[in-house]
1. For residue 67, project a label point 7 Å along Cα to C-beta. Then give me every residue of region 92-114 with its amide nitrogen under 18 Å of that point.
2. Order these by the 10 Å Cβ neighbour count, fewest first: 17, 64, 49.
3. For 48, 107, what's the fewest-to-most ordering of other Cβ within 10 Å of each Cβ?
4. How do 15, 47, 81 line up, fewest other C-beta atoms within 10 Å first?
5. Taking 0.36 nm per intervening residue step and subtracting the Cα-Cα distance, what contour gain separates residue 75 from residue 35 on full extension?
6. For each pair in 22/86; 32/125; 50/125; 65/125, compute the distance between the two Cα atoms and list the pairs where it is over 24 Å.
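Values quoted throughout were computed directly from the atomic coordinates according to the rules given, and no laboratory measurement underlies them. Please read these numbers as outputs of a predicted model, since none were measured by experiment. Every residue, glycine among them, receives a Cβ derived from its backbone with ideal geometry; neighbour counts consider all protein chains shown.
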Amino acid sequence: TDIISPKEQTVVEKEGYLQKAKIADGGKKLRKNWSTSWIVLAGGKIEFYKESKQPALANLKAGYKPEWVDLCGANIEWTTEKSSRKNVFQITTISGNEFLLQSDIDFIILDWFHAIKNAIDRLPKE
Ligand code: I3P
């Protein structure tokens with residue numbers, strides 16, 4: 001059966017842990033700070049939850065507002081220049097937010113890349 005995100009009532013397309021670093025906010029460069037994040041792809045956006053051993057419970061906590069990214073018009077591309085790590089791709093939003101996502105495990109990061117790219121390609125461009 002489909003997993004339904006309680007807040008959004010939309011089908012969760014994919015979720016799991018990745019390393020995340022936000023490197024720009026509204027076009028303004030940020031100091032890179034990698035952290036483990038529970039990532040939820042659903043309803044044309046990505047939600048980032050703080051690392052938790054029980055993400056499902058953390059997500060249900062009343063009033064908890066995850067950071068999120070609107071994938072409408074977003075760009076996704078692999079990068080070897082923005083990090084010394086392997087398996088890094090960048091998501092750039094229309095609003096000028098830039099995120100790096102990374103996993104050491106090849107199939108995990110590949111699955112995520114294709115899931116997010118497919119989501120972006122299905123959305124209107126703006
Ligand atoms: C950064 C930290 C990051 C590293 C980044 C460093 O230092 O080591 O992990 O990114 O490299 O600047 P600090 O903790 O002092 O901010 P990668 O792991 O992605 O290489 P960068 O400056 O080349 O982006």
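1. 92-103
2. On the way: 17 15, 64 11, 49 19.
Fewest to most other Cβ atoms nearby, the residues stand as 64, 17, 49.
3. On the way: 48 18, 107 8.
If I rank by nearby Cβ atoms, fewest first, I get 107, 48.
4. Details: 15 18, 47 22, 81 7.
Taking fewest neighbouring Cβ atoms as first place, the list is 81, 15, 47.
5. Working: separation 40, 0.36 × 40 = 14.40 nm, distance 2.16 nm.
Between residue 75 and residue 35, full extension yields an extra 12.2 nm.
6. Table pairs above 24 Å Cα-Cα are 32/125; 50/125; 65/125.
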